[in-house]
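All remarks here apply to the structure that follows.
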Amino acid sequence: MTLDSIIFNEVTLGQMLSWLAAAVVLILLYKIYKFLFGKKKVNLQHTVYFACSHCGWEGHISKFGTRCPKCDAPAGDLPGG
Ligand SMILES: [Zn+2]
């Protein structure tokens, strides 16, 4: 079987492979997109309540966040941090 073997109708193995490659690339791009932008849901288990003593901003920030999301002041008074 060569790349010019006809699979069905006029479609050759080479064409099939290029379609498959295109499909795989599309799927990979979709997965990468989901991986990069699909995590917008904030998991409250990993957030802590924080009140900024600098600008007065209050809310939940990431447990691993170290700065106020509003004024960028260091959040040094985080519980446990
Ligand atoms: Zn602040």
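Quick notes on this structure:
- Vicinal HN-Hα couplings computed from phi for segment 47-58 (Karplus, 6.51 cos²θ - 1.76 cosθ + 1.60; Hz; Gly/Pro x): 10, 10, 6, 9, 10, 6, 7, 8, 10, x, 5, 10
- Applying the criteria of a DSSP loop state and at most 10 other Cβ atoms within 10 Å to the chymotrypsin sites (Phe, Trp or Tyr not before Pro) of segment 5-70 yields Phe64.
Read the figures in this text as sums done on the coordinates, not as results from a lab. Remember, predicted model here, so these are calculated numbers, not experimental data. Cβ atoms come from the backbone with ideal geometry, glycine included; neighbour counts cover every protein chain shown.
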